[in-house]
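In what follows, a single structure is set out as structure tokens and then discussed.
Coordinate-derived values only; no laboratory data. Everything quoted here is computed from the prediction, not taken from an experiment. Cβ: placed from backbone, ideal geometry, glycine included. Neighbour counts: every protein chain shown.
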Ligand code: GTR
């Protein structure tokens, strides 16, 4: 492990304490016990470098397919000098641990949700503001704008280089007992959220009891009744089998929490310019590939969910939801004014 890497922005501390901390710490220890890795990637005899990329989802999930496309193109454009080994299924740890490992350099890369990333790069909290984007096109207009690129650039200050965004879909609630049909239905429910203060405040604004927790623990917590519900996009809800233990899905599409492709900053700075260009080009081309896979997956999964007997509630009028959660934008939006203005400008409706 490299000890000279600066840690310019310390992680905000709220999530590690408490019931779920022990498991997360144990995961981290297990990782260091099996060898961590080196800051600049392990070198091949031919002068090539191999970087590890941590991914929480299964092998055939759209973000993992995007990672693999990125890896394939990076090797091609660097003429074999850079090889990227994708580790799916949270093999290198849950997201909160994986991102710390990337910050320290013991893992070189990760594809991660901007929600836990927001605890390192606060501006990434933008994507957890509720009902901010009208649809995927609105999100992508922002991601591809100068503002979206500037926001990605903020990762630099925390020891990362952001290479690009992937499509995150839209997050919606699901519950095991009572279906959520109106904002008031969240009241009193214990809802899992990502490790994000914005999301904690979002569930609080609806009168629920927010529970930040690692993704890998959600299934058993729904099953045991520790949680009443959680929230995620269709492919996560389906692939993590959460629908088996929480059969009411309410498509309120409250957040589009961008997925981000990250590399450790020192690893990036240590690359020759031609290899940096190769990686950037690979990331730029992997993004539209991933987006295509994403759209197809959402459709297919909705179909499968219906087949599995999931009750799907469409929400047609978001006005009461926006109204009930306005305090979240007021509280967290004040530091994000420039980005929110850009999002507003790109709204067409
Ligand atoms: C998914 C996201 C994952 C992870 C997960 C979660 O939508 O792709 O990276 O953040 O949500 O809820 O923890």
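Of note:
- Pairing each residue of segment 233-244 that is within 9 Å of residue 301 (Cα to Cα) with any residue that is near the ligand (Cβ under 10 Å from one of its atoms) and part of a helix (DSSP H, G or I), provided the two are 6+ apart or on different chains, yields C-beta distances under 7 Å for 235/62.
- Some residue of segment 274-286 being within 18 Å of the chain's Cα centre (by Cα), buried (at least 23 other Cβ atoms within 10 Å of the Cβ) and touching a residue at least 24 places away in the same chain (Cβ under 8 Å): yes
- Looking only at segment 240-253, residues that are within 15 Å of the ligand (Cβ to nearest atom) and either touching a strand residue (DSSP E or B) at 6+ places or on another chain (Cβ under 6 Å) or on the phi > 0 side of the Ramachandran plot (or both) come to 5 in all.
Yes/no per residue for (1) buried (at least 18 other Cβ atoms within 10 Å of the Cβ); (2) out of contact with any helix residue (DSSP H, G or I) (no Cβ under 6 Å at 6 or more places or on another chain); (3) within 26 Å of residue 295 (Cβ to Cβ):
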position: 178; (1), (2), (3): no, yes, no
position: 181; (1), (2), (3): no, yes, no
position: 199; (1), (2), (3): yes, no, yes
position: 203; (1), (2), (3): yes, yes, no
position: 212; (1), (2), (3): yes, yes, no
position: 226; (1), (2), (3): no, yes, no
position: 235; (1), (2), (3): yes, no, yes
position: 238; (1), (2), (3): yes, no, yes
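For (1) more than 19 Å from residue 169 (Cα to Cα); (2) surrounded by 18 or more Cβ atoms within 10 Å (Cβ to Cβ); (3) without any contact (Cβ under 8 Å) to a residue 40 or more places away in the chain, each residue gets a yes or a no:
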| position | (1), (2), (3) |
| --- | --- |
| 290 | no, yes, no |
| 294 | no, yes, no |
| 299 | no, no, yes |
| 302 | no, yes, no |
| 305 | no, yes, no |
| 309 | yes, no, no |
| 319 | yes, no, yes |
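- Selection over segment 176-204 of residues that are in contact with a strand residue (DSSP E or B) (Cβ under 6 Å, 6 or more places away or on another chain), within 16 Å of the ligand (Cβ to nearest atom) and not in a helix (DSSP H, G or I) gives a count of 5.
- Remark: residue 228 matches the filter, which requires a residue to be touching a strand residue (DSSP E or B) at 6+ places or on another chain (Cβ under 6 Å) and away from the ligand (no atom under 14 Å from the Cβ).
- Wholly enclosed strands (runs of 3 or more DSSP E) of segment 86-175 bearing at least 1 residues more than 16 Å from the ligand (Cβ to nearest atom): 160-166
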